[in-house]
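Notes follow once the structure below has been shown.
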Amino acid sequence: MADKKTILNVAILGTGNIGTDLMVKALRSPFLDCTLFAGRNLTSAGMTKANSLGVRVSALGVESIMKDPDCCDLVFDATSAIDHKYHWSLLEKMGKIVIDMTPSRVGEMCIPAINLDSCLKYKNVNMVTCGGQASIPMAHLIGLLHQEVDYIEVISSIASRSAGPATRINIDEYVETTEEGIKIFSGCKRSKVMLILNPAHPPIDMQTTVFAKVKKPDIQKLNAAAVDMARQIQAYVPGYQLIVPPVLENKRIVIMVKIQGLGDYLPKFAGNLDIINCAAIAMAEEYAKNSRSAPIRASAKNK
């Protein structure tokens, strides 16, 4: 077990599928304790689950933290991109660490397999998107091993049943944020992102395909790096699988990954939600482990 001094009290804003699954994961973590689960509907499925686990609940949303600032050290915001901007304006003044689960592009983008340590400097980190968590590590390797990356395209296919109201409302932001993340972490000139909601029954697991156009592709080096990267991701996302290692097809690099969820609160086919939640828990646990290190500062984007 972790030393009690390293345990962070966390609050979760948003009591939908993502927020509820985060709560279950946080309660299992030796470094985190979920001390508040806040939304707007005390009779929702998420609130009912929280009550059954003995977690304090509130229907006041972010106001519940404003009324009791000492209830938490860190806040997971699992609401919407628009709501997060308002929430951050309040939580920043209270000095809270915030892990943003929405595609708001307010905080520092975090892909744990790439920049976990450097994100510790910031008080607002953004977990990009589920497609970003799945694809950006591979896009990053493509940029790292090739001098010129002209174009990267990412297509993610997820079970329609795993796409809740918040996911559907934020689809435009999802595409824009994922495209920006791909450019930032790979250095590519152009990027394109597509999301397919597949209504198949039984529901499919999440699959993400990365296509890239580069000059002088080095498949051998990329293959070894991709296998190693998949192992690093599996340390915090056990269901991450490299199902098609890098190959050259029609002068394009092609890589495909599949993600199956842990089945904590969500069904195992909801790997798209599980991967971003696992990434967020990994980031929160790192904050806990480093809670006595150098002061955390606001994101450079917000200065």
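None of the figures in this text is laboratory data; all of them are computed from the coordinates on show. All of these numbers come straight from a predicted model, not from anything done at the bench. Here Cβ is always computed from backbone atoms with ideal geometry, including for glycine, and neighbour counts include all displayed protein chains.
Results, tabulated for the structure shown:
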item	result
Two-decimal Rg to Rh for region 130-268 - Kirkwood Rh, Cα set	0.97
Computed over the chain: relative contact order in percent, which uses C-alpha pairs under 8 Å that are six or more apart	19
Residue among Gln220, Gln147, Gln133 with the largest mean-square fluctuation in a Gaussian network model of the chain, springs linking Cα atoms under 10 Å	Gln220
Straight-distance crosslink candidates among lysines, where the alpha carbon sits under 17 Å from Lys123 and sequence neighbours closer than 8 are dropped	Lys85, Lys93, Lys96, Lys289, Lys301, Lys303
Ranked Phe185, Phe31, criterion: other C-beta atoms within 10 Å, fewest first	Phe31, Phe185
Principal axes of the chain: Cα extent on each, largest first, Å	58, 47, 37
Over 27 Å (Cα to Cα) - which of Lys183/Lys251; Lys49/Lys268; Lys221/Lys268; Lys189/Lys268 fall in this group	Lys221/Lys268; Lys189/Lys268
Sequence-separation-based contact order of region 130-268, relative, with Cα cut under 8 Å and 6+ spacing, percent	29
Length released on extending from Asn198 to Ala45, taking residue separation times 0.36 nm less the Cα-Cα span	52.7 nm
Positive minus negative residues near Met23 (Lys, Arg vs Asp, Glu; Cβ under 13 Å)	+1
Taking Val125, Val175 and counting other C-beta atoms within 10 Å, the order from fewest to most	Val175, Val125
Candidates Ile204, Ile169, Ile142, ranked by Gaussian network fluctuation over the chain, Cα under 10 Å, top entry	Ile169
Neighbour cut-off at most 12 other Cβ (10 Å), DSSP loop, GluC sites (Glu not before Pro), region 83-175	Glu148
Residue among Ser44, Ser186, Ser80 with the largest mean-square fluctuation in a Gaussian network model of the chain, springs linking Cα atoms under 10 Å	Ser44
Cβ-defined net charge surrounding Ile243, 14 Å radius [Lys, Arg +1; Asp, Glu -1]	0
